[in-house]
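The values are calculated or read from the model by the stated rules, or taken from the named source; none is laboratory data. What you see is a predicted model, and the numbers here were worked out from it, not measured in a lab. Virtual Cβ from ideal backbone geometry, glycine too; neighbours counted across all protein chains shown. The protein model used for the area step is the full one, side chains on, heavy atoms only, and it has no ligands, DNA or RNA in it. Shrake-Rupley method; radii C 1.70, N 1.55, O 1.52, S 1.80 Å.
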Amino acid sequence: VDTSGVFDCTDGASNGWSLTKLLGGSQNREGDSILRFPPGVGVHIGGVALINVHYINPTDATLETDVHIRFDTVPAADIVEEGDILFLYNPLISVPGGGTARAHWRCPVYQDITIANAQSHMHARGVGYEARVDSEQPFYTTTNWERVPVQSYDGFVVKAGSKLDYYCDYRNVEARNVYQGPRSSDEMCMLIGSYYPADPRTGRCLDETGTGTGGEWIGQGTATCQATLGCLQGASDLHAATDCMVTARPEVSAEASAVLRCMISAHDPQAECGAQIQACSAI
């Protein structure tokens, strides 16, 4: 990316940049920061920081903007545990024109973590949000897509083997279908916050090896896993695959998600995903 002049950044920070760590600020101009830890916990920051800031201008007038960033640093000797940003981004969102939808995702927790704070992130079609651990009562809820609160916790431990389970509800007043993406014309469904100790697999919803996606998508439809498999095998792009997954029955989410994760990472899905395909075909 040539940074000597103005350049297009509408496809997000990851388009054209290799990112090694995610930091977090605030969604609101006067809001709390999600990057906040108790004494003795901190995030190591080094290298080049790419700052991604965007605004919504609801008028035709020019919007004067500014950005203020402050890093509160401490001596490395005072840090006894490294923290990280919880950054769970559901890539499968499909909201039909003139309709409603839910994007539901579960992410594995590979080691005990303590969540310091959390917040949701949706775009303008977001009307509801809940996050929980497994089937417990929600630890975060909101109906706001803007001015969302940052919820702080005291000793909120999530045990290894648990799953972070969250969903976003949407209402689309446009005639067109809306999918996930970085623009305001797209949608997002995220669970973000600060946690420790750092475990990138848990913090990014990766698989156990840390090299691929580890999430489980919960469909909201009636399709069997076999029907969902046939739909995925005929899908030409991510939008089509998303529509396949959201119409699956919730009861087949584990098997359908296993197929999709394998298809995403495999060079030859038909040859490499035999076990997942067979398990899905049986239900």
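The figures follow:
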read-out	value
Where a residue in the stretch 263-283 is more than 21 Å from ALA248 (Cα to Cα) and its partner, wherever it lies, is in a helix (DSSP H, G or I), with Cβ under 6 Å and at least six apart	ALA266/GLU272
Test: HIS44 is under 21 Å from VAL150 (Cβ atoms), surrounded by 10 or more Cβ atoms within 10 Å (Cβ to Cβ) and out of contact with any Phe, Trp or Tyr (no Cβ under 9 Å at 6 or more places or on another chain)	no
Tally of residues being in contact with a Gly (Cβ under 9 Å, 6 or more places away or on another chain) and buried (at least 19 other Cβ atoms within 10 Å of the Cβ) across the stretch 173-186	1
Options GLU130, GLU136: the member that is open to solvent by 20 Å² or more (accessible area, probe 1.4 Å) and not in a loop (DSSP other than H, G, I, E, B)	GLU130
Qualifying residues in the stretch 187-211 (those that are under 18 Å from ARG261 (Cβ atoms), open to solvent by 20 Å² or more (accessible area, probe 1.4 Å) and of a type outside the set (Val, Ile, Thr)) - the one farthest from the chain's Cα centre (by Cα)	GLU208
From the options GLN226, GLN276, GLN270, residue that is open to solvent by 30 Å² or more (accessible area, probe 1.4 Å) and modelled with pLDDT under 95	GLN270
Given (1) farther than 18 Å from ILE218 by Cα; (2) open to solvent by less than 50 Å² (accessible area, probe 1.4 Å); (3) touching a residue at least 40 places away in the same chain (Cβ under 8 Å), number of the condition ALA235 does not satisfy	(3)
Filtered residue count, the stretch 212-223, keeping only those that are more than 26 Å from ASN117 (Cβ to Cβ) and open to solvent by less than 30 Å² (accessible area, probe 1.4 Å)	4
Selection count where residues are open to solvent by less than 10 Å² (accessible area, probe 1.4 Å) and part of a loop (DSSP other than H, G, I, E, B), scope the stretch 97-121	1
Flag for GLU64 being at pLDDT 95 or above, among the acidic types (Asp, Glu) and exposed (fewer than 13 other Cβ atoms within 10 Å of the Cβ)	no
Within the stretch 15-41, tally of residues that are of a type in the set (Lys, Arg) and surrounded by fewer than 11 Cβ atoms within 10 Å (Cβ to Cβ)	1
Selection from the stretch 91-107 of residues that are of a type in the set (S, T, N, Q) and either over 17 Å from the mean Cα position of the chain (by Cα) or closer than 17 Å to ALA258 by Cα (or both)	THR100
Selection from the stretch 143-186 of residues that are assigned to a strand (DSSP E or B), within 17 Å of the chain's Cα centre (by Cα) and of a type outside the set (A, V, I, L, M)	LYS163, ASP165, TYR166, TYR167, CYS168, ASP169, TYR170, TYR179, GLN180
Residue in the stretch 111-131 that is hydroxyl-bearing (Ser, Thr, Tyr), within 19 Å of GLY219 (Cβ to Cβ) and touching a Lys or Arg at 6+ places or on another chain (Cβ under 8 Å) present	no
Filtered residues of the stretch 1-14 (kept if free of Cβ contacts under 8 Å to residues at least 40 places away in the same chain and surrounded by 11 or more Cβ atoms within 10 Å (Cβ to Cβ))	ALA13, SER14
